[in-house]
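Here is the structure we will look at.
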Amino acid sequence: MFSISIKGIRKRWPQIIPWLDLFRIKKYLPKNLYARSLMIIVTPMIILQIVTTYIFFEQHWNILSRRLSGSVAGEIAFVLSQIEQTHPRDPGAIGPMLIDAESATGVAFAFTPDEILPNVEPGNAMETYGDTLVSALAERLRRPFRLRDAEDDRIIVIEAQSSDGVLRAWVNRKRIFTSTTYVFVLWMVGTSLLLFGIASVFMRNQVRPIRRLAEAAERFGKGQPVGEVKLEGATEVRRAALEFSHMRERITRQLQQRMEMLAGVSHDLRTPLTRLKLSVELLGAHPDQEPMRQDILEMEKMLNAYLAFVKGEGRELSTETDLLPMIDGIFSTLRRGPYQDRHLLLHVGDDVGPLLVKPEAMRRCLNNILQNAARHAQRIDVTLSRQGGFQIIEIRDTGPGIPAAMREEIFRPFFRLEAARTPRTLIGEEGGVGLGLTIARDIVRGHGGEISLSDNVPHGLVVTIRLPL
């Protein structure tokens, strides 16, 4: 099988590089469906107009202009030859003959005996009146001639030199130049604009259902309420909307079933744990009582973390929420707990405003990250800012950080940095079972954002959260 890469072609045959660059035109093409559809309609229309206009000018307009100019030039040449034949024999017969010629051709004639035309450059006449008329007069008259404008802009004066004088002809411009060219161009451009407007309306109506379907899918992916998607547009778009509705119903039903199942599991597991608690308390003063109590508390903590991770955020709805009071509340909680000596600082940009988020879920996400930072660092800086269409939350601490090789693994469920930390110092309130950052990233991605880890300078960790406005 024969195949050559673009790199190989550029290396072997550099002379065809300009042709290869034509393939890069796709990066200049519009990205959305509406603009691309209009381009598909407009491009053939423009090419058709260019080809049609070229053919029209090359065939119809040029041929018609030559015929009109040749007709006028032939009439003037005929009258001039009659004058040259008549003038020596009967000068008085020239006047009636010119009147008959005017009535027959529609061109006014006048003859001035013994007059001589001044020498003129033919190039000036070509620039003013066109080479078609000048060429026709030169071919038919075969005598010196001159063209000039009359006082009436609609009239052109053609002066021809004969052996006995000068013949002047007053020709209407309509006899020489046709106006169908401009009419043709106006009709063509006007019709194209009308068709373009109609096509734009139709294409907008066809693209609107796709845009609505994309918006509905985005809202559903972020956990926001989505109503019934209206079936409209082409058959394929209607089918996609119908399948999306069915998918949404299946996912919602599965989530509901999982919630109900987890509620039952929670009830069934808490009952024996309660009995174990009671049994431990009834032991009385026993050396194994306190270790058993701690084991039961650890089991309850693990059970709560498992259930919280699996059930997600339930049916909480997104609302316009200001993150400043939320972060202040988390700071207050940390200061009342075992982290009273921590330096907690909040920096807010001027353009920061409320976000459409799930308040409890976002509080849980930030609480997990801030509790983890407070466990391992004395100073925590939280910065709220805006970059483009995103609100940025940066949480910087001066703790030991996380190795770069483990920053992706730390997001995996139940992953622990056992080599460096004990179960009591793992990430977040669910850190005891290795779910802190996992739940945090799940919440952030559920809002259409992203979370990442990086090094703090000179030491520590930076947790960056990007949430769409």
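The values are calculated or read from the model by the stated rules, or taken from the named source; none is laboratory data. Keep in mind the model is a prediction, meaning the values are calculated, not measured. Quick reminder, even Gly has a Cβ in these numbers, built from the backbone with ideal geometry, and neighbours come from all protein chains shown. Keep in mind that these areas ignore ligands, DNA and RNA; they rest on the heavy atoms of the full protein, side chains included. Shrake-Rupley method; radii C 1.70, N 1.55, O 1.52, S 1.80 Å.
Working from label points 7 Å from Cα in the Cα-to-Cβ sense, the Leu356 to Leu273 distance is 3.7 nm. How many nm is it between the label spots at Asn62 and Ser452, if each spot is 7 Å from the Cα in line with the beta carbon? If labels sit at Asn62 and Ser452, their model points lie 6.1 nm apart. For Arg379, the amide hydrogen comes within under 5 Å of the amide hydrogens of His343, Thr398, counting only partners 5 or more places away or on other chains and with H modelled in the peptide plane.
Of all aspartates and glutamates in the structure, those lying under 15 Å Cα to Cα from Lys174, and not within fewer than 8 positions of it along the same chain, are Asp149, Asp152, Asp153.
Straight-line reach from Lys358: taking Cα to Cα under 18 Å and skipping same-chain neighbours fewer than 8 places apart, the aspartates and glutamates in range are Glu218, Glu313, Glu316, Glu320, Asp322, Asp328, Asp442, Glu450. Of the listed residues Arg173, Arg239, the order by accessible area with a 1.4 Å probe, largest first, is Arg239, Arg173. Within 12 Å, Cβ to Cβ, of Leu68, how many net charges do the neighbouring residues add up to if Lys/Arg are +1 and Asp/Glu are -1? Residues close to Leu68 contribute a combined charge of +4. Ligands, DNA and RNA are left out, and with a 1.4 angstrom probe the accessible area of region 194-246 is 65 Å² per residue. Estimate the FRET efficiency between Ala150 and Thr53 by the formula 1/(1 + (r/R0)^6), using the beta-carbon distance for r and 30 Å for R0, to the nearest 0.05. Calculated value: 0.40.
Counting heavy atoms of the protein chains alone, Arg204 has an accessible area of about 110 Å² for a 1.4 Å probe. The 1.4 Å probe gives accessible areas that order Trp187, Trp61, largest first, as Trp187, Trp61.
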